[in-house]
Each structure stands twice: as structure tokens, then as C-alpha cells.
Amino acid sequence: LSSGINAEYGQMAAKLLDVPMVVCDCTSLTQAGYVGEDVDSVIMRLWQTAGQNVERTERGIIVLDELDKLASKRNKHGGKDIGGEGVQQSLLKIIEGTKVTVNDKAKNKSHQIDTRNILFLASGAFIGLDQIVKRRTASKTLGFGTPASSSSSALPPPGKRPLSSSFGETLDDSERTERLVKIKETEERNKARDALLDQVEPKDVLDYGMIPELAGRIPILTTLHSLTKNDLMVIAKDKERGVISQLTDLMSLNNCQLEFTEDALAAIAEMAFCKKTGARALKSIVETTLLEAMFEVPGSDISHVLITSDTVLNGACPVYTRPAEQSNN
């Protein structure tokens, strides 16, 4: 059970094993005969990725992303659920092992692909699954001897919460206190959610809306913990696919060097952590911080741009350096 990261692990495994891999979005799958993609289309896409080689296709990897969107829903109007439980039932035979026919229109031929040796990985956010686990694990004790609720002691009073910051900023005390309290609350909430998801069982997945036959064919369940501030800093500083490295390369096209201080990186990570949208928040925060510099640098003699925590938190102007200033220094 994960959100997006399963595809990354699948790509790494496919590269090491030299096998084809394809990521399929389950939100576009519908039952046969309705508008949308049939379940057999995932085998077709793997066959195309394998260069139309049947033997490589039968040893490939298929990542069923957004599987939680196939959870069965109760239709209030009595209509048919063409994109939920019906698609789950269609996936049963393919995951268990069957022969799927793919048509080669260019050569006017058809091929039989055996899916028994294809590795299937299913991933999804499964929002609300932690609440299902909480209801299952909640104590049913009544009367005397009832244990106190954990929610009452989860967070200390606002006035007694520890205030600590990883960088020095120029915010006033009220804004600084509010931000640090929000970070602390988010950390406590993530820890409680991760602790619940560590106890997930197949029964919880069934209560979420997956049919028993499909849950039985995917027996291994694993969860990923929430991203921490340190994780967000590592993602932001990633030299290959990090948003900062991308913008650094973009600035280098104008012969300008972009630099972030450690305090600025910590501020970006904390702001992204408070937004509760994962690593996707990093891109919007960094681009908003560099909005002025992206217009100032092109066509100018600026050779160096320094981003500080004051720029990230308070919108202060970045520190620009020109060749004449560098020679004087």
C-alpha cells in the first residue's frame, strides 16, 4: 500500500533484472463493453513495452497504480458499478494466471500471452484505511477500568509544547510559535497514522472495498511511513531529479549560479511538511521563492543568486551578485 513510490521500486527491479515493466492507472479501467480501457489492455501495454516479444512479456512487471480507486461503492441510484468491483473481478484471472490474446494489427496476427509468471505490484493511497484499522483495534471495554483515550494525551497544551527550530528566522514570536506548533501537531498525527497502518490486515482491505478474491491473490501487504522533514530535505537536494537541481540547471543557461543556504532548505522542508501534500509541495514552494529571480536574471549581468531563509519565509529579495562585486571581493 503506497502512493506513487511503488512505480519507482518497480522500475529499479526491472532495470536490475532486465525485464519490461509498465505502470497502469486503474482509474481508467472499466468493465468490458463500456467506455474506457479493458483489463486486457494492461497486457497489451506490457507487450508493446517489451518490443512485441512474447517471451519477455511473460516475464515482465505490471504495476497497478491507484488500486484503491477500484474499491466497490454503493450506488444510491441503483446503477451498475462499472469501474469498481466489476474491474476487480476482471483482474482476478489475469493476476492468478491465464492466457490473454493480443492482436498485432501491423502483421495481422494474434499472440497468446501467459500471465502466470508476470509480477503484479498494486499500489494506492488508501485514504481512510487507518480509521478502519483504528475501529478494529479499539478497545471495547465499558464501565470501570476503561482505559483513557489516547487522543486526549496525544498533544500537549499549546502553551506547553516544545518550540525548537532548525534554523534562525526573522519571524515574530506569534508566527514562529504558530508554525512550530503546526509542525509538532503534524508530526504527532503522522506517527499515530503510521502506527495504525503498521497493523493493517487483509480484513481491513476488505472493509475498505476490495473483494476477498482479489485480496487473496495479492497476499503481501506493506505500508510506507509518512515523509518527515529530513526526508523532504533529501528529496529537495536530490541531484538527479530534485526540483532545486532542475532550477539550478535552468539558471545555468543564463550563466548564473543558484545557491540555497542550509537554513533555506530547512525552511522549504518545514513549509512543505506543513502543507501535508507530500513531496509535491516542494516544487510550488521553490518556484514561488524564485519567482522574482526568474525574471531578474535573464538578460542581466547577475552571476550568482543566493536564497536564504528570510527569502523563503518572509519573501525577502534574494542576494544577487554581479561580476564587478565578485572582483572587488
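Here are a few things to note about the model shown:
- Glu178 - accessible surface, heavy atoms, 1.4 Å probe, Å² rounded to 10: 130
- Per residue accessible area in Å² of region 188-329, where ligands, DNA and RNA are left out and the probe is 1.4 Å: 56
- Accessible-area value, Lys191, 1.4 Å probe, nucleic acids and ligands omitted, Å²: 130
- Cα gyration tensor shape for region 172-248, rounded if a/c is under 1.5, else prolate or oblate: oblate
- Whether region 172-329 is rounded, prolate or oblate, judged on the alpha carbon gyration tensor where a/c under 1.5 counts as rounded: prolate
- Cα-Cα over 19 Å, subset of Lys191/Lys229; Lys134/Lys203; Lys229/Lys276; Lys182/Lys229: none
- Which of Arg189, Arg241 is most accessible, then next, and so on - probe 1.4 Å: Arg241, Arg189
- Residue order by solvent-accessible surface for Arg136, Arg59 is Arg59, Arg136, largest first, with ligands and nucleic acids left out and a 1.4 Å probe.
- Estimated at the nearest 10 Å², the accessible area of Tyr320 is 40 Å² with a 1.4 Å probe.
The values are calculated or read from the model by the stated rules, or taken from the named source; none is laboratory data. Not measured: the values here are computed from a predicted model. Ligands, DNA and RNA are excluded from the accessible area calculation, which covers all protein heavy atoms including side chains. Shrake-Rupley method; radii C 1.70, N 1.55, O 1.52, S 1.80 Å.
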